[in-house]
Amino acid sequence: MTAPTRTYLEADIKCFHCGHISGVARVERGGRHPTTTFKAVDSSAEIRIPDRTQVKCQRCGGPTFTDEFELRQEYARVDFLEDRPRRGRPPKRLAERRLAEQQRGVA
């Protein structure tokens, strides 16, 4: 089993007035001063926020609250197609690739 690369608490940020989910609040685990970040629904970037009460609803501009926090873990991405040493017979795609490279080197 591989160790997680990032562990954090995550909660939806909802509007008191209209119930719209504006984004997600993430609180990093560990350390003396945990950092809080906000990720909007239509964005892929996380913005560091000092206080969760500063986030306003994107639809109506009203006050927001955080829903239940859940523990989340992000794992390192694994590339299963990488050429690494293996036991036994190599896969057909690797054997064909090596044969093509050898033929190019000879010709």
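Values quoted throughout were computed directly from the atomic coordinates according to the rules given, and no laboratory measurement underlies them. A quick note: this is a predicted structure, and the numbers were derived from the prediction, not measured. All Cβ positions, even for glycine, are placed from backbone atoms using ideal geometry, and neighbour counts span all protein chains on display.
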Determine ³J(HN,Hα), in whole Hz, for all residues of the range 59-73 in sequence, where each value follows from phi through the Karplus function 6.51 cos²θ - 1.76 cosθ + 1.60 and θ = phi - 60°; x replaces Gly and Pro.
-> 7, 10, x, x, x, 10, 9, 9, 6, 4, 7, 10, 7, 10, 9
Kindly state, to the nearest 0.05, the FRET efficiency for Asp42 paired with Arg93, given R0 = 41 Å and r defined as their beta-carbon distance.
-> 0.60
For Phe65 and Thr35, compute 0.36 nm times the residue count separating them, minus their Cα-Cα distance, and round to one decimal in nm.
-> 9.0 nm
Hey, can you grab everything whose amide H is under 5 Å from the amide H of Thr35? Only 5+ residues off in sequence or another chain; H modelled, so Pro and N-termini drop out.
-> Glu28
Find, among the GluC sites (Glu not before Pro) in the range 1-91, those assigned to loop by DSSP (not H, G, I, E, B) with at most 16 other beta-carbon atoms within 10 angstrom.
-> Glu68, Glu82
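Of all trypsin sites (Lys or Arg not before Pro) in the range 1-98, which ones are in loop regions per DSSP and have a Cβ with at most 11 other Cβ atoms within 10 Å?
Of the trypsin sites (Lys or Arg not before Pro), the ones in loops of the range 1-98 whose Cβ has at most 11 other Cβ atoms within 10 Å are Arg32, Arg77, Arg86, Arg87.
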Go through Ser22, Leu81, Val41 and say which Cα lies farthest out towards the positive end of the charge dipole of the chain; charges sit on Cβ, +1 for Lys and Arg, -1 for Asp and Glu.
-> Leu81
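DSSP loop (so not H, G, I, E, B), at most 11 other Cβ within 10 Å: list which chymotrypsin sites (Phe, Trp or Tyr not before Pro) in the range 1-63 pass both filters. Can you show the working numbers first?
On the way: sites: Tyr8, Phe16, Phe38; in loops: Phe16.
Passing both the DSSP loop test and the Cβ count: Phe16.
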Cross-link partners among lysines for Lys39, C-alpha distance below 24 Å, same-chain residues fewer than 8 apart left out?
-> Lys14, Lys56
At 222 nm, what helix-only mean residue ellipticity would the chain give, in deg cm²/dmol to the nearest 500, using -39500 (n - 2.57) for each DSSP H run of four or more?
-> -4500 deg cm²/dmol
